[in-house]
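What follows is a single structure, written as C-alpha cells, with notes after it.
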Amino acid sequence: MTTSWRADRAGFRFSGPDAHKLLNDVVTGPIPNGGEGAGRWALLSPQGKILAEGLSGWAEDGWWLDVHQSVADDFFKRMKMYRLRANVVIEDMRATHAIGWSEQAVTGAIAHQDRLGWRMIAPVETTTAWLPTDTDFARTRIAAGIAELGQDFAANETFAHDMGLDLLDGIDFSKGCYVGQEVVSRMKHRGTARRRPIIVSGIDALAGSAVIAGGRDAGVIGRVVDGKAIALLRLDRINDPQAVTIAGQPVSVALPDWASYQFGETASED
C-alpha cells in the first residue's frame, strides 16, 4: 500500500512520567494511554481559538503528535512553557521523521489509525518510496468534511466547534480544565456555534474565495482538490442550499456524514 508524504505536517514526541498528564491538561482531546488508535485534539488560546491541531498516538514509549508546519515553532515553544517543572521530554522530530498517510498500515513505520485511514511516522531516510504529494489524502479528507489548520483555516481565528471537534471526538468534555476550556464548555451548553464544516463541490475558484449564500458572505473555502473543498460556513446564512455561489458561479453544498447540524440553524445569542 502506497504512503503519501505530508510535507506540511511536523512531528513531536512527548515522553517521561508526566507526559500523559501534561498533554491531558493542556489540549482538548482525550490522549490515548497506549494502543494503536489516534486521538484528535487541539491546542487553544485562552480565548478558545485554535493555535494547533492534529492527532496523538502512543508508540515507542511516547506520545506522537503532528501539527501544521506553519505553527510548529509556536506549538513547541508553548508546550515547553506549559511543561514547567514536569518530568517530560519534548522532542522536535522535524529533522529526522516524516509524516505520511495511507489507507492501510505499512510496515516499517509508526502507524496510528483514525477515521481517514492511517497516519504514518517514519525516519526520513526510509520514506524514499512514499508519494511526494498528499493529494490522495486531501481528496479523502475533503470528502469526509474534516477541516485542517493550514489547509482550510489559519491559526488563532477558529473555535474548536467551528471545525467540528466536538463531533469528531476531539474534545473530552469529561476531563478537567485545559487551556480555552471555559469557551469550549460555554459553546457546548449554550449552543453558540455559528460556523460548521461544509463540503462544497463544483468549484472553479482558488482557496480563500468567499462563499455567498442569499447574497451574504457565509465564509471562505479551504484547499481545493478536484473542484471540491471544505468551508467553515455560517449555517444561519444558508437557508437555501441551492442558492450558494462562489465567484458568481453556482456550487453545491453538503453536510458531512458525521454532522448533527443542519443548514439554516441559528445559534443562540446567549
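Values computed for the structure shown
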{"read-out": "FRET E, pair Ser45, Ala95, Förster distance 30 Å, beta-carbon r, rounded to 0.05", "value": "0.60"}
{"read-out": "Cross-link table Lys21/Lys77; Lys49/Lys188; Lys49/Lys77; Lys21/Lys49, entries beyond 20 Å C-alpha to C-alpha", "value": "Lys21/Lys49"}
{"read-out": "Anisotropy class of the chain from Cα gyration tensor, a/c 1.5 cut", "value": "oblate"}
{"read-out": "Farthest toward positive dipole pole in the chain [+1 Lys/Arg, -1 Asp/Glu at C-beta], among Ile246, Ser70, Leu43", "value": "Leu43"}
{"read-out": "Qualifying GluC sites (Glu not before Pro) for segment 164-270 [loop in DSSP, other Cβ within 10 Å: at most 10]", "value": "Glu269"}
{"read-out": "Furthest towards positive pole of dipole, Ala193, Cys177, Ser209, structure part segment 173-214, Cβ charges", "value": "Cys177"}
{"read-out": "Relative contact order [Cα under 8 Å, 6+ residues apart], segment 133-270, whole percent", "value": "26 percent"}
{"read-out": "With DNA, RNA and ligands ignored, accessible area of Asp204 (1.4 Å probe; Å², nearest 10)", "value": "140 Å²"}
{"read-out": "Carbon/sulfur fraction of accessible area - segment 145-270, other protein chains in place, 1.4 Å, %", "value": "43 percent"}
{"read-out": "Cα-based helix-to-principal-axis angle, 72-83 vs the chain, degrees rounded to 10", "value": "60 degrees"}
{"read-out": "Segment 58-111 - charge dipole about Cα centre, Lys and Arg +1 at Cβ, Asp and Glu -1, debye rounded to 20", "value": "360 debye"}
{"read-out": "Solvent-accessible heavy-atom area per residue, rounded to whole Å², over segment 133-270 at 1.4 Å", "value": "45 Å²"}
{"read-out": "Simple spin-label estimate for Trp258 and Cys177 in nanometres, 7 Å along Cα-Cβ", "value": "2.9 nm"}
{"read-out": "Label-point gap, in nm, between Ala154 and Gln249 - each point 7 angstrom along Cα→Cβ", "value": "2.6 nm"}
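The values are calculated or read from the model by the stated rules, or taken from the named source; none is laboratory data. All values reported here derive from a predicted model rather than from experimental measurement. Please note: Cβ atoms are built from the backbone with ideal geometry, for glycine as well, and neighbour counts cover all protein chains shown. Quick note on the areas: whole protein, heavy atoms, side chains included, nothing else; ligands and nucleic acids left out. Shrake-Rupley method; radii C 1.70, N 1.55, O 1.52, S 1.80 Å.
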